[in-house]
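Single-structure report; data block below.
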Amino acid sequence: MKKTSLKLILYLVPMLSVLPGLCAANKTNKAVFFDLFAVLIDRKNLRARQYIGVGDYLTYAFSGATKNADLEKRYADFLAKAAEDDPVASGQQAWYNGRPICATMLDWLKGLKTSKELIDFLNNYMHEHNDFFLSGTEKKLVTAIISLMRPEVLSSIMGPVKPMIKVIKDCKQEKNGTHNQVFLLTNWDKESFDLLKQQKEHMPMMALFGDDNMILSSEVHMLLPSEELLEYAVKKAGLQPSDCIIITKEKENIPAFEKFGMKTILHTSTGQTRKELAIYGVLS
């Protein structure tokens, strides 16, 4: 009896030594998907205003016809007006400042049209609808804002949200035997994104994802928040939607993400996003 017990113990000891590793391997990891604009990068307002013209901007802010107008909202209204005349297929809508954008802009985000084609379309549309603008200065400023979508300009007016780089790093750290994946998942044009990747200030953030974990609408020809793109992203992570978390500034996309089964974080600040990642068990 004693010999049998001893043999059993000698057999079990090696098994016990690998048990923690087996348990860790069976733990479900998570995938965290980061949207790009207003989450990881944002506009440098001073640089953007230099491009559109500080003098014109001040004239707009203080002239009688436009001093109470919000230029960014007026631009969103302009894009929404273009969307009425250039509608999109059901289920493919995307937004700018909570307003719909036109099919031509969506094609740009899907990589089906170049930046030049989009800018030409918007400029032509603008000249055909002079009655929309409150003043000549407003039209001039909207023309300048449209020109910001040139790849070399768009990439140059964006700066990294530096505290979020630490969030990405922390999400990747092993926690309780699991190793979380991080992905970039965004509606963005390839022309300006390729220039962003080459800029020194953006390299630390880009390196954390690596090329394999960057999912751009313009490269896969699908748009957020479409189910087809979410399916593509979740399959790439090799997880179920319930094990995936998406961080975005676009509140209009949240219902579609949740309907698909993903956990969501509406990004309002780095601190709040950290708290919600902790609730989901990704961060301590």
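The values are calculated or read from the model by the stated rules, or taken from the named source; none is laboratory data. Please read these numbers as outputs of a predicted model, since none were measured by experiment. Glycine also receives a Cβ, built like all others from the backbone with ideal geometry; neighbour counts cover every protein chain displayed.
Candidates Leu266, Leu184: the one that is outside the structural domain of Ile119 (by TED's automatic domain parsing), under 17 Å from the mean Cα position of the chain (by Cα) and crowded, with 18+ Cβ neighbours inside 10 Å is Leu184. Mind checking whether some residue in segment 161-175 is of a type in the set (Lys, Arg) and within 15 Å of the chain's Cα centre (by Cα)? The answer is no, given that none of the residues of segment 161-175 is of a type in the set (Lys, Arg) and within 15 Å of the chain's Cα centre (by Cα).
Condition check for Phe183 on (1) in a strand (DSSP E or B); (2) modelled with pLDDT under 95: one failure, at (2). If you go through segment 256-283 and keep only what is in contact (Cβ under 8 Å) with a residue 24 or more places away in the chain and outside any loop (DSSP other than H, G, I, E, B), you end up with Ala256, Phe257, Phe260, Thr270, Thr273, Arg274, Leu277.
Would you check which residues across segment 242-255 are assigned to a helix (DSSP H, G or I) and buried (at least 19 other Cβ atoms within 10 Å of the Cβ) and list them? Once the filter is applied, which keeps residues that are assigned to a helix (DSSP H, G or I) and buried (at least 19 other Cβ atoms within 10 Å of the Cβ), segment 242-255 yields Asp243, Asn253.
Scanning segment 198-231 for residues that are exposed (fewer than 15 other Cβ atoms within 10 Å of the Cβ) and closer than 28 Å to Pro100 by Cα yields Glu219, His221, Glu227, Glu228, Glu231. Taken over segment 187-197, the residue count meeting the criterion of being crowded, with 18+ Cβ neighbours inside 10 Å and in contact with a Leu (Cβ under 7 Å, 6 or more places away or on another chain) is 5. Only a single criterion out of (1) among the aliphatic types (A, V, I, L, M); (2) modelled with pLDDT under 95; (3) closer than 24 Å to Arg43 by Cα is not satisfied by Ala207, namely (2). When residues in segment 232-241 are screened for being of a type outside the set (A, V, I, L, M, F, W, C) and either in a strand (DSSP E or B) or surrounded by 21 or more Cβ atoms within 10 Å (Cβ to Cβ) (or both), 0 of them pass.
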